[in-house]
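Below: one structure, written as C-alpha cells.
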C-alpha cells in the first residue's frame with residue numbers, strides 16, 4: 001500500500017471563532033426541546049415506579065439460590081457457576097456435611113456491580129440451584145451492599161414458581177413446591193393514578209394481538 005497523505009481542511013473565519021458552530025448546536029437542542037414540549041404524549045416515557053414496563057418471562061434479573069423440600073440449598077459448591085462467570089463476580093467457599101458427606105456452600109457471594117447478568121451461571125449449574133428472577137430493582141447506597149450472600153440469595157422451598165425469569169428450560173415446567181421465583185410482583189398499572197391517562201400505553205401493554213395472529217412457537 002502507498003502512503004496516504006491527509007491534508008487538514010482550512011477553517012473559515014466563522015469556524016475559527018466557534019460562535020456560529022455553537023449557535024447551530026444550540027438550535028438543534030432548542031428544536032428538540034420545543035418538539036418534546038408540544039408532543040408530550042408521544043414521548044417514549046412511562047411514569048415509573050407507578051407504571052412498570054413488561055419484560056420477557058426469561059428476563060435476567062436478581063439471582064436466587066433454590067432449595068429442596070427439606071429447606072437445604074440445592075447448591076453443592078461445585079464451582080461450575082464461578083468458573084463459567086466471565087465477570088468473576090461469584091465467590092464460593094465449600095464445606096462438607098458430616099452426616100451425608102455432601103458438599104454445600106459455607107460462603108456464596110455475588111458482586112452485583114461486577115455481574116453482567118449474562119446468565120452463564122444458570123446455564124452451567126448442574127443442580128438447577130441458581131436462577132435469575134425478573135426483579136430488576138437493585139438500587140443500593142453503598143458498594144458494600146452490592147455484595148449479596150447466602151442470606152440474600154437462598155429462598156424457601158415454598159416460593160411461588162411463576163414467573164421466574166432466566167432458569168434452565170425444559171419445556172413446560174411443573175415444579176410445584178420448589179423454589180423458582182419472586183412471586184407475581186407488583187401489579188402492572190396503566191397509569192400512575194386511576195384517573196390519569198397513560199402518556200403512551202403502547203410501550204407497556206404487551207402483545208395484544210389475537211392468538212391466531214401471534215408468532216407460532218418454534219418447532220410448530
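The values are calculated or read from the model by the stated rules, or taken from the named source; none is laboratory data. Predicted model, so just to flag it, every value in this text is computed and none were measured. In this analysis, Cβ positions are derived from the backbone assuming ideal geometry, glycine residues included, and neighbour counts consider all displayed protein chains.
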Self-check item: Condition broken by residue 121, with the remaining ones in (1) out of contact with any helix residue (DSSP H, G or I) (no Cβ under 8 Å at 6 or more places or on another chain); (2) under 18 Å from residue 154 (Cβ atoms); (3) outside any loop (DSSP other than H, G, I, E, B) satisfied
Solution: (1)
Quiz item: Among the residues of region 86-106, is there at least one that is in a loop (DSSP other than H, G, I, E, B), under 16 Å from the mean Cα position of the chain (by Cα) and within 16 Å of residue 168 (Cα to Cα)?
Solution: no
Practice problem: Would you confirm whether any residue within region 56-71 is out of contact with any strand residue (DSSP E or B) (no Cβ under 8 Å at 6 or more places or on another chain) and either assigned to a strand (DSSP E or B) or closer than 23 Å to residue 137 by Cβ (or both)? | Solution: yes
Exercise. Could you please find all residues in region 57-94 being surrounded by fewer than 13 Cβ atoms within 10 Å (Cβ to Cβ) and at pLDDT below 90?
Key: 57, 69, 70, 71
Exercise. Output the number of the condition that residue 81 fails; it satisfies all remaining conditions of (1) farther than 21 Å from residue 134 by Cβ; (2) outside any loop (DSSP other than H, G, I, E, B).
Key: (1)
Quiz prompt | Matching option when the condition is touching a helix residue (DSSP H, G or I) at 6+ places or on another chain (Cβ under 8 Å) and within 30 Å of residue 121 (Cα to Cα), among 58, 53 | solution = 53
Self-check item: residue 22, sole failed condition from (1) surrounded by 10 or more Cβ atoms within 10 Å (Cβ to Cβ); (2) part of a loop (DSSP other than H, G, I, E, B); (3) without any contact (Cβ under 8 Å) to a residue 40 or more places away in the chain
Solution: (2)
Exercise. Working only within region 138-157, note down all residues that are over 14 Å from residue 63 (Cβ atoms), part of a loop (DSSP other than H, G, I, E, B) and out of contact with any strand residue (DSSP E or B) (no Cβ under 6 Å at 6 or more places or on another chain).
Key: 139, 140, 141, 142, 156
